[in-house]
Amino acid sequence: IITYKLDRISRSLKDFYQFWEVLKGHNVEFVSATQSFDTSNSTGMLMVNVLMSFAQFEREVGVERSSARMASRAEKGKWNGGWFPLGYDYDRENQMLTINKGEAKIVRKIYELLIQEQKPTRVKNAINDLGYRTRTRTIVRRSGEPQNVGGIRFDEENIVQIVRNPVYKGCVKHKTNIFPGLHEAIVNEKIWKNANEALSSKSPRIVIHKDDHIHLLKGLVRCGDCGLAMTPYPAGKKDKNGQPYLYYSCIASN
């Protein structure tokens with residue numbers, strides 16, 4: 001097996017040596033195209049250890065810096081990126097969310113109906129009956145052609161996500177912390193609170209079913225930022241058979 005660099009295989013010492021044991025068990029040679037080491041002697045294995053230690057160190061430093069940067073942005077009330085939520089557009093020049101008047105109308109209606117109806121299922125039905133649909137987004141296919149996704153009927157999960165998202169009361173969330181945002185709120189604090197109180201323990205729980213042997217981590221992996229479930233979501237690129245590559249993405253950003 002040939003790799004460009006060791007850290008292209010893994011940036012975790014534990015994972016790398018589990019991989020290494022599998023190779024040895026099958027008498028498979030492993031070499032790096034840009035790094036010189038001989039794993040048949042102690043000096044070569046020392047070099048592998050040093051290279052992998054630096055690779056893991058770089059990964060951990062990168063995670064720490066990224067997390068610190070996101071925390072700093074949240075404390076300043078800035079949106080931390082990703083697909084912006086229904087009801088907002090993103091002003092790249094000023095780096096802040098701006099209200100999309102047409103979609104904000106849908107969001108306000110969802111909060112209003114939930115306070116009245118108390119159940120996400122009823123809200124979902126009412127919203128769909130009014131002809132409202134999820135946001136249509138444009139992604140770029142592997143061929144370079146744009147493709148529209150979304151624009152479908154709301155489901156119960158969509159309703160719960162919108163109501164629980166503090167961005168709609170003018171806040172931003174980082175992990176368990178909520179900070180006042182620079183963007184304008186779509187609903188006031190009282191409406192947001194009343195709607196969330198309506199999502200009582202009696203409300204049906206939203207369950208993301210795991211796809212056996214297909215998307216094994218669906219509903220199991222949690223977002224490190226907000227704690228919500230991660231689910232497979234198509235990227236802009238597709239494989240040679242025309243199927244989109246799927247990446248685990250937080251359900252709050254879809």
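The values are calculated or read from the model by the stated rules, or taken from the named source; none is laboratory data. This structure is a prediction, so every number in the text was calculated from the model and none was measured. Note: ideal-geometry Cβ built from the backbone for every residue, glycine included; neighbour counts use all protein chains shown. When the accessible area is computed, the model is the full protein with side chains, heavy atoms only, and any ligands, DNA or RNA have been set aside. Shrake-Rupley method; radii C 1.70, N 1.55, O 1.52, S 1.80 Å.
For this structure, a couple of remarks:
- Residue that is among the charged types (D, E, K, R), within 18 Å of K78 (Cβ to Cβ), in contact with a helix residue (DSSP H, G or I) (Cβ under 9 Å, 6 or more places away or on another chain) and at pLDDT 90 or above, where the choices are K109, K175, K169: K169
- Taken together, Y111, Y90 contain a single residue that is under 29 Å from N158 (Cβ atoms) and touching a residue at least 40 places away in the same chain (Cβ under 8 Å), which is Y111.
- Flag for V207 being over 20 Å from G81 (Cβ atoms), among the hydrophobic types (A, V, I, L, M, F, W, C) and either more than 19 Å from the chain's Cα centre (by Cα) or modelled with pLDDT under 75 (or both): yes
Here is a yes/no grid of residues against (1) open to solvent by 40 Å² or more (accessible area, probe 1.4 Å); (2) within 21 Å of the chain's Cα centre (by Cα); (3) at pLDDT 65 or above:
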| site | (1), (2), (3) |
| --- | --- |
| I186 | no, no, yes |
| K190 | yes, no, yes |
| A198 | no, no, yes |
| I214 | yes, yes, yes |
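- Filtering the range 87-146 to residues that are in a helix (DSSP H, G or I), acidic (D, E) and either closer than 18 Å to W192 by Cβ or open to solvent by less than 50 Å² (accessible area, probe 1.4 Å) (or both) leaves E103, E112, E117.
- Close pairs from the range 33-55: first under 17 Å from F19 (Cα atoms), partner of a type in the set (V, I, T) and modelled with pLDDT under 85, Cβ under 8 Å, at least 6 apart: M45/T39; V48/T39
Here's the yes/no breakdown for (1) in a loop (DSSP other than H, G, I, E, B); (2) crowded, with 16+ Cβ neighbours inside 10 Å; (3) not aliphatic (A, V, I, L, M):
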site: G44; (1), (2), (3): no, no, yes
site: V48; (1), (2), (3): no, yes, no
site: A74; (1), (2), (3): no, yes, no
site: F84; (1), (2), (3): yes, yes, yes
